[in-house]
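Enquirer: Mind looking over this structure? Questions follow.
We did not get these values from a lab; they are worked out from the coordinates using the rules stated. Computed from a predicted structure; not experimentally measured. Cβ placement follows ideal geometry from the backbone for every residue including glycine, while neighbour counts extend to all protein chains displayed.
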Amino acid sequence: MALPSMFLSTLLSLLLTPLPFLIWYLHVPRSLPNLPRIPIYVSILGLWSSMGQDEIYERWFRAPLEKHGAVLVWFAGRWSVLVSRPDWLTDMFRNEQIYAKAGSQKKIPHAVIATLVGDNIINAHGENWKLYTGIMKAGLQKKVFETTSLLKQSRKLVDILIDSQKETGPNKGILIMADVQKWAVDVMGENFLDLDLKSLGQPNGAVRIEALQSIIKATLFKPMYFSFPDLDHFPWLLPSRKRAYNIMHEFDNRLYTMVMTMLHKRTQNKPAQSEEMVSHMLGEAYTSGRITEKQFRDNLKITFLTAHENAQQLVTSMFWQLGTRVEIQDRLREEILTTAKTHPNPSQEIINSLPYLTAVVLELLRLFPPVCQLINRVALQPALLGGELPISKGTFVGWNAWAVHSNPDVWGEDAREFRAERWGETVEEMQGRFRRETVRGTYIPFNAHKRKCLGQGFALLQVKILLFVLLGRVRWVVDPEYRLKMTPGGILAPLVCRVILTELESL
Ligand code: HEM
């Protein structure tokens with residue numbers, strides 16, 4: 001054989017050998033229901049396109065989801081069923097014994113994301129979930145949350161943003177995301193872990209555990225590894241994977257050491273009325289042998305992540321939405337300033353009694369659900385979802401909140417518009433609608449039924465208090481030069497947000 005043709009045939013066989021493997025790896029199993037399939041390249045669009053999640057949704061997901069109520073989608077290394085029909089969602093959320101939680105620790109235990117989150121209160125099923133909930137619930141769902149520290153942290157954030165605007169000059173935009181992340185991390189530390197992290201006001205990177213959060217987010221949402229987590233089997237071949245594991249271990253070890261040091265000091269000094277916090281409860285369960293060191297670490301990490309990240313995303317969306325609709329700010333400011341006259345430091349009860357504030361936050365969560373898409377349940381037995389869609393045992397199923405919240409058949413023709421008035425006039429009316437829509441599967445920013453968010457009450461309070469403080473001090477517009485770009489991953493929020501703030505007293 002001549003040299004060129006030998007070279008060609010070697011090259012061809014090298015290229016073709018993996019082909020049968022790829023065909024097998026990517027094929028759609030016959031056991032999956034007969035549903036439209038989202039092309040596999042959509043899952044890795046981020047590699048060559050900068051399309052945001054909203055654009056991707058409009059182009060590939062909306063039509064099939066609104067017509068069929070569910071689609072097949074390639075997610076985390078397998079074809080799964082993504083559901084958006086409210087009655088099917090309700091069936092899924094109600095019947096956790098059939099559609100069992102199975103997070104990355106079950107689905108892809110070798111992967112970087114599983115190293116990060118492990119087995120925890122959000123993704124565990126059965127006995128482990130009961131164990132974790134029994135330990136942590138009282139620290140997550142207090143009857144009354146003290147507002148003093150939330151007011152203090154929010155005032156600090158607003159002071160910092162005002163200073164940052166002064167330094168930048170009056171007509172230039174400032175980026176808010178870094179300070180919002182620090183605020184969210186500090187609030188989480190103080191309210192759930194008994195850690196005074198003091199990242200707000202420090203330069204970026206100064207508080208390592210906070211700075212790690214940005215690195216973790218950037219590491220996890222790399223489209224190739226997110227869609228093909230089997231690549232995480234090869235950290236010895238892929239240096240970026242090796243770095244990713246190192247980052248996850250660093251976060252794990254730092255948090256463990258910080259919490260253990262805090263717990264040690266607490267036992268030595270025993271303050272008369274030490275507030276019962278999630279970290280204390282987990283610490284007690286660990287030292288008494290009810291949970292292992294790994295379970296202790298995993299639940300600390302998920303508390304750290306979930307209790308800051310969702311609020312952070314929602315606040316970024318809030319800056320964008322209210323910065324493009326200043327009339328909403330004006331109406332909200334009127335309600336807030338009237339209340340502030342008699343209650344400059346409002347309690348939880350006062351904050352939760354403000355109707356327009358309540359409606360604005362509920363509407364923000366409808367249009368910008370921070371947890372937008374999750375596929376973390378597996379069918380433990382053959383089932384008929386909603387009595388209609390056959391789901392075979394072992395099939396992964398999940399949901400998309402934006403699909404439900406933006407569907408005109410569910411929320412009316414103006415479903416994609418921000419209209420806080422849709423929630424009603426009184427707080428009681430709003431809470432009633434919130435509860436009804438959640439039960440029906442038509443409003444799911446916090447999920448619904450048995451596994452709904454345990455931090456919901458705190459999260460709503462935290463964001464309302466920030467709005468209370470912010471609107472009492474400033475007015476802002478989105479920088480006219482900023483073009484909205486949404487995140488590409490499973491979180492629905494602007495990727496960045498640049499605003500121009502004006503202090504009220506200087507108006
Ligand atoms: C705006 C803020 C928040 C949003 C949008 C949000 C959303 C959610 C969602 C969608 C779930 C269900 C996840 C799933 O199905 O796998 C969930 C679960 C959970 N969230 Fe939140 N969350 C927020 C804030 C918080 C906070 C501040 C905490 C406090 C630590 C918290 C603690 C939890 C816990 C413990 C669960 C698991 C409940 C269970 O499975 O029993 N969340 N959250």
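Enquirer: Using label points projected 7 Å from each Cα along Cα→Cβ, tell me how many nm separate Leu495 and Gln381, to one decimal.
Expert: 4.6
Enquirer: Chymotrypsin sites (Phe, Trp or Tyr not before Pro), restricted to segment 41-141: which are DSSP loop and have at most 11 other Cβ atoms within 10 Å? If you can, show how the numbers build up before the last one.
Expert: On the way: sites: Tyr41, Trp48, Tyr57, Trp60, Phe61, Trp74, Phe75, Trp79, Trp88, Phe93, Tyr99, Trp129, Tyr132; in loops: Trp48.
In loop regions of segment 41-141 (DSSP not H, G, I, E or B), the sparsely surrounded chymotrypsin sites (Phe, Trp or Tyr not before Pro) are Trp48.
Enquirer: Kindly express, to the nearest 10 degrees and within the range 0 to 90, the angle between helix 148-168's C-alpha long axis and the longest C-alpha principal axis of the chain.
Expert: 80
Enquirer: Right, here's the next one. Any idea what angle helix 293-324 forms with the longest principal axis of the chain, computed on alpha-carbon atoms, 0 to 90 degrees, nearest 10?
Expert: Between the helix axis and the principal axis of the chain, the angle is about 70 degrees.
Enquirer: Using alpha-carbon positions, what is the distance between the centroids of segment 354-430 and segment 438-507, in Å?
Expert: Result: 17 Å between the Cα centres.
Enquirer: Here is a further query. I need to check one value: relative contact order of the chain, counting alpha carbon pairs closer than 8 Å and at least 6 residues apart, in percent. Don't skip to the answer; put the middle values down first.
Expert: Working: 722 pairs, mean separation 124.4, N = 507.
Dividing the mean separation by the residue count of the chain yields 25 percent.
Enquirer: Continuing with this model, one more query. Please arrange Tyr286, Tyr256 by how many other C-beta atoms lie within 10 Å of their C-beta, fewest to most.
Expert: Working: Tyr286 22, Tyr256 15.
Ranked by crowding around the Cβ, least crowded first: Tyr256, Tyr286.
Enquirer: Can you give me the relative contact order of segment 356-395 as a percent, contacts being Cα pairs under 8 Å and 6 or more apart?
Expert: Relative contact order comes out at 28 percent.
Enquirer: Quick one: order Thr358, Thr287 by neighbouring beta-carbon count within 10 Å, fewest to most. Write down the numbers at each step before the final one.
Expert: Numbers: Thr358 23, Thr287 13.
Starting with the residue having the fewest Cβ neighbours, the order is Thr287, Thr358.
Enquirer: Next up: Skipping prolines and chain starts, which residues have an amide H placed within reach, meaning under 5 Å, of the one on Lys485, given they are 5 or more residues away or on another chain?
Expert: Close amide H contacts, sequence-distant or interchain: Leu495, Val496.
Enquirer: Still on this structure: In whole Å, how far is the Cα centre of segment 224-299 from that of segment 108-180?
Expert: Comparing the Cα centres of segment 224-299 and segment 108-180, I get a distance of 16 Å.
Enquirer: How big is D, in µm² s⁻¹, for segment 31-506 by Stokes-Einstein at 10 °C and 1.306 mPa s if Rh is the Kirkwood radius over C-alpha pairs?
Expert: 68
Enquirer: In degrees from 0 to 90, rounded to the nearest 10, what is the angle of the helix 208-220 Cα long axis to the longest principal axis of the chain?
Expert: Orientation of helix 208-220: about 40 degrees from the principal axis.
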